[in-house]
Amino acid sequence: MGRSKDRRSKARRTDHLSDEPRGAGDPAVDERGALVDKCASEHGAQMMTPDLQELVEAATALQGKFALEDDFTAGAVAAALRTGSGRLFTGICIDLACGIGFCAEHAAAAEMLKHRERHVVALAAVGKRGLLPPCGRCREMLLQVDSRNAGCMVALRGGRVVRLADLLPEHWLDADDC
Ligand SMILES: [Zn+2]
């Protein structure tokens, strides 16, 4: 029964995507995304771009752990993402007990969705010791928000840049039998 529901959800997602042109509406969107893609392909998806560096700086400006109730904290990790329209959204993590906290990437994605955007072209998350890759849950979350996010350029330490799809290979959404 659960699988059937999942199948319907997937079909609905696909239908919606097919009705919506990529980078809908705003020419600047595709230009921005194309710029990131161009830089990535020219450098083998291995080098930091000015666009990603801007995200790193935005996340770094927000990063800094502060106390909440008891031993709970927020802000240990901050994230910044760029959407297909060129807008930048940020978020910070909340670390609580009982598994009810969430990652900085989640917060940034929620901020993006609040503005009715969902196509992420670039992402950077910063912790105390520098850049961090998104955790497995955030990789999955971003891909389920919009399958185009497989092409999102993710900044890693050492100036490396990889696509989200590289961090989440063999994804189940690509399989016809799920
Ligand atoms: Zn996460």
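Restricting to the range 126-143, name every residue that is in contact (Cβ under 8 Å) with a residue 60 or more places away in the chain and out of contact with any Ser or Thr (no Cβ under 8 Å at 6 or more places or on another chain). Answer for the range 126-143, where residues must be in contact (Cβ under 8 Å) with a residue 60 or more places away in the chain and out of contact with any Ser or Thr (no Cβ under 8 Å at 6 or more places or on another chain): GLY127, LYS128, LEU131. The set of residues from the range 108-129 being closer than 21 Å to ASP95 by Cα and surrounded by fewer than 21 Cβ atoms within 10 Å (Cβ to Cβ) comprises ALA110, GLU111, GLY127, LYS128, ARG129. Consider the range 77-99 and keep the residues that are among the aliphatic types (A, V, I, L, M) and more than 16 Å from CYS138 (Cα to Cα). The one that is farthest from the chain's Cα centre (by Cα) is ALA97. Listed by first and then second residue, the pairs linking a residue in the range 92-110 that is small (Gly, Ala, Ser) to a residue that is modelled with pLDDT of 95 or more and in a helix (DSSP H, G or I), with Cβ atoms under 7 Å apart and 6 or more places separating them unless they lie on different chains, are ALA109/MET141; ALA109/LEU142; ALA109/VAL145.
Okay, residues lined up against (1) out of contact with any Cys (no Cβ under 6 Å at 6 or more places or on another chain); (2) among the basic types (Lys, Arg); (3) within 13 Å of the ligand (Cβ to nearest atom); (4) assigned to a strand (DSSP E or B):
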position: ALA74; (1), (2), (3), (4): yes, no, no, yes
position: ALA78; (1), (2), (3), (4): yes, no, yes, yes
position: GLY86; (1), (2), (3), (4): yes, no, no, no
position: ILE94; (1), (2), (3), (4): yes, no, yes, yes
position: ILE100; (1), (2), (3), (4): yes, no, no, no
position: GLU105; (1), (2), (3), (4): no, no, yes, no
position: ALA110; (1), (2), (3), (4): yes, no, yes, no
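When LEU168, LEU132, LEU142 are screened for being within 10 Å of the chain's Cα centre (by Cα) and within 13 Å of the ligand (Cβ to nearest atom), only LEU142 passes.
Applying a threshold of 6 Å to beta carbon distances and a minimum spacing of six or more residues, or different chains, the list of pairs starting in the range 38-66 at a residue that is over 15 Å from PRO133 (Cα atoms) and ending at one that is at pLDDT below 90 reads THR49/CYS39; ASP51/VAL36. Any residue at all in the range 130-144 that is at pLDDT below 95, of a type outside the set (Lys, Arg) and surrounded by fewer than 19 Cβ atoms within 10 Å (Cβ to Cβ)? Checked against the condition, which is being at pLDDT below 95, of a type outside the set (Lys, Arg) and surrounded by fewer than 19 Cβ atoms within 10 Å (Cβ to Cβ), the range 130-144 yields no hits at all.
The values are calculated or read from the model by the stated rules, or taken from the named source; none is laboratory data. Because the structure is predicted, anything quoted here is derived from the model rather than measured. Ideal geometry is used to build each Cβ from the backbone, glycine not excepted, and the neighbour counts take in all protein chains shown.
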